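The values are calculated or read from the model by the stated rules, or taken from the named source; none is laboratory data. None of the values given here were measured: they were computed from a predicted structure. Ideal geometry is used to build each Cβ from the backbone, glycine not excepted, and the neighbour counts take in all protein chains shown.
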């Protein structure tokens, strides 16, 4: 009696089970985000101040940081809202 190679036999009868799966298409990477220039002259952070109630930042620094945050939120809010 002749020996049957089971793997070869099954490959011949059910070739779809032994095909290599097609690789899934890779999504295109998003283009890099190019930051837009800030409409004002950039300002450096001022040094922290020491007072009777502790350490605090100057009003100019706090106002400029808030302004930059508002510019960012105004431009990119649509990306973060579901």
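Can you name every residue in segment 41-60 that is part of a loop (DSSP other than H, G, I, E, B) and loosely packed, with under 11 Cβ neighbours inside 10 Å?
The answer is 41, 42, 44, 47, 52, 53.
Kindly check whether there is at least one residue in segment 61-80 that is surrounded by 10 or more Cβ atoms within 10 Å (Cβ to Cβ), at negative phi and touching a helix residue (DSSP H, G or I) at 6+ places or on another chain (Cβ under 8 Å).
No, that holds for no residue.
It is to be established whether one or more residues within segment 28-48 are in contact with a strand residue (DSSP E or B) (Cβ under 9 Å, 6 or more places away or on another chain) and at pLDDT 85 or above. Walk me through it before giving the result.
Residues of segment 28-48 that are in contact with a strand residue (DSSP E or B) (Cβ under 9 Å, 6 or more places away or on another chain), as a first pass: 48.
With the extra rule that they be at pLDDT 85 or above, the set shrinks to 48.
Taking every residue of segment 28-48 in turn, at least one turns out to be in contact with a strand residue (DSSP E or B) (Cβ under 9 Å, 6 or more places away or on another chain) and at pLDDT 85 or above.
What are the residue pairs meeting all of these: first residue in segment 10-38, first residue part of a helix (DSSP H, G or I), second residue surrounded by 10 or more Cβ atoms within 10 Å (Cβ to Cβ) and at pLDDT below 80, Cβ atoms under 8 Å, and 6 or more apart or on different chains?
Sorted first by the residue in segment 10-38, then by its partner, the pairs are 10/18; 11/18.
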